[in-house]
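First comes the structure, then the notes that go with it.
The values are calculated or read from the model by the stated rules, or taken from the named source; none is laboratory data. Treat the numbers as computed from the prediction; the structure is a model and nothing was measured. Positions of Cβ are backbone-derived with ideal geometry, glycine not excepted, and every protein chain shown enters the neighbour counts. We work out accessible area using only protein heavy atoms, side chains counted, and drop any ligands, DNA or RNA first. Shrake-Rupley method; radii C 1.70, N 1.55, O 1.52, S 1.80 Å.
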Amino acid sequence: MPELPEVETIVRDLAPRLTGRTLQAPRLFHADVLYRVSRRRLLATLARNRVEEVSRRAKHAVLRLASGDRLIIQPGMTGNLLVYDRRLTPAERRYVVLLAGLGKGATFVYRDVRRLGTLLLLDEPAWRSYTARIGPEPLAPDFDGAAFAARLRRTRQAVKKALMDQHLIAGVGNIYANEALFRAGVDPSRRADRLEPDALARLHREVRAVLTEAIASKGTTFRDYRTGTGRRGGFQFRLHVYGRGGEPCTRCGTILQTTHTIDARATTFCWRCQT
Ligand SMILES: [Zn+2]
């Protein structure tokens, strides 16, 4: 599933091409991605509505519309968001979920092969309660070491689970939780509320560093993730642990272990470097 760096990359690519444009003749090809909005209300709201701002919250793209509504797109594992400046080819039309004209021959497309993504349409009050339920953005300037420590001390969960808990911290998923824990030298199974101050400080620094570096590399592409211009990200070549179980640790050469016991997801770590 795309995490903060991937969605940030998509949003940065889309923003200059969508902001200020008016959505024309929107079409929805599959309604099973809709969450708490009907096809009729979605299309009626989007039609002739102008995109005022394209931003990101946690792992979601947010299109703020002139009507005050927000279209939230959670792309999921196989979702792509793109703007085409020409007609789509028949191959490009396959798996399109939502499409809207932008004028001058341009088209905004949400494509999702397995339709694991979600579309929401929220008015202003619904948006405020939605965003209030999500934790702070880890790259926000005011998300300092004290703010990070205060969030992690709230939970007895394993620190890896805590990092991925969207109510505690926004946008971190399995890839970047694994990487940040390795870089900080912290055992992923340790209880979040029992980390020492220096472990918390290292983890805070590495969460922000790995997300920043991944954005600079335009995200991690394993399978279907593409940037907002249809390209692959580059951070898969810079991962230390994620997807590398059974390979040697880049720091000490010990064979990396993979376990599913922490959160049923693959956790890969070095038992020697991470304590
Ligand atoms: Zn190691």
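A few comments on the model shown:
- Applying a DSSP loop filter and a limit of 12 other Cβ atoms within 10 Å to the trypsin sites (Lys or Arg not before Pro) in the stretch 1-97 leaves Arg36, Arg86, Arg87, Arg94.
- Nearest 10 degrees, 0 to 90: helix 174-184 Cα axis against the chain principal axis: 40 degrees
- With eigenvalues of the C-alpha gyration tensor scaled by 5 and rooted, the stretch 69-147, Å: 31, 15, 14
- Rounded to the nearest whole Hz, the Karplus-based 3J(HN,Hα) values (6.51 cos²θ - 1.76 cosθ + 1.60, θ = phi - 60°) of the stretch 247-258 follow the sequence 9, x, 4, 5, 9, 10, x, 4, 5, 6, 9, 10, with x at glycine and proline.
- Note on the chain: Rg/Rh from Cα positions, Kirkwood definition for Rh, rounded to two decimals, is 1.00.
- Probe 1.4 Å - accessible area at Asp193, Å² to nearest ten: 50 Å²
- Across the chain, the mean sequence separation of Cα contacts (distance under 8 Å, 6 or more residues apart), normalised by length, yields a relative contact order of 19 percent.
- Each part gets one Cα centre, and for the stretch 232-262 versus the stretch 1-23 those centres are 29 Å apart.
- Helix 4-18 vs. the chain, principal-axis angle (Cα, 0 to 90°, nearest 10): 20 degrees
- Overall shape of the stretch 50-97 was characterised from the C-alpha gyration tensor. The equivalent ellipsoid obtained from it has semi-axes of 23, 15, 8 Å, in decreasing order.
- Of the residues Cys273, Leu211, Ile255, the one whose Cα sits farthest towards the positive end of the charge dipole of the stretch 186-275 is Leu211 (charges of +1 on Lys and Arg Cβ, -1 on Asp and Glu Cβ, taken about the Cα centre).
- Per principal axis, descending, Cα span of the stretch 135-275 in whole Å: 39, 35, 25
- Zero-based 10 Å bins, Cα pair distances in the stretch 135-178, whole percents: 30, 61, 9
- GNM remark for the chain: springs join alpha carbons under 10 Å apart, and the peak mean-square fluctuation among Asn80, Asn178, Asn49 falls on Asn49.
- For the stretch 194-275, the Kirkwood estimate of hydrodynamic radius, built from reciprocal distances between every pair of different alpha carbons, is 14.5 Å.
- Lysine pairs within the chain, Cα separation less than 24 Å, 8 or more sequence positions apart or different chains: 4
- Cα gyration tensor shape of the stretch 1-131, rounded if a/c is under 1.5, else prolate or oblate by comparing a/b with b/c: rounded
- The stretch 59-85 and the stretch 105-128 have Cα centres lying 4 Å from one another.
- For Arg57, the residues whose amide H sits under 5 Å from its own are Val62, ignoring neighbours fewer than 5 places away on the same chain, with H placed 1.01 Å from N.
- Estimated dipole of the chain in Debye, rounded to 20 [Cβ of Lys and Arg +1, of Asp and Glu -1, Cα centre]: 720 debye
- The sum of -39500 (n - 2.57) across all DSSP H runs of n ≥ 4, divided by the residue count of the chain, sets its helix-only mean residue ellipticity at 222 nm to -8500 deg cm²/dmol.
- A compact globular protein would have a Cα radius of gyration near 2.2 N^0.38 Å; the ratio found for the stretch 1-54 is 1.30.
- Distances between placed amide hydrogens fall under 5 Å for Ile255 paired with Cys249, all partners being 5 or more residues away or on another chain.
- Among Pro188, Pro125, Pro248: highest mean-square fluctuation, GNM of the chain, C-alpha pairs under 10 Å: Pro125
- Applying 1/(1 + (r/R0)^6) with r as the Cβ-Cβ distance of Thr89 and Arg48 and R0 = 25 angstrom yields a FRET efficiency of 0.40.
- Charge dipole of the stretch 35-74 about the Cα centre (unit charges at C-beta), most positive-ward option of Val51, Gly68, Ser38: Ser38
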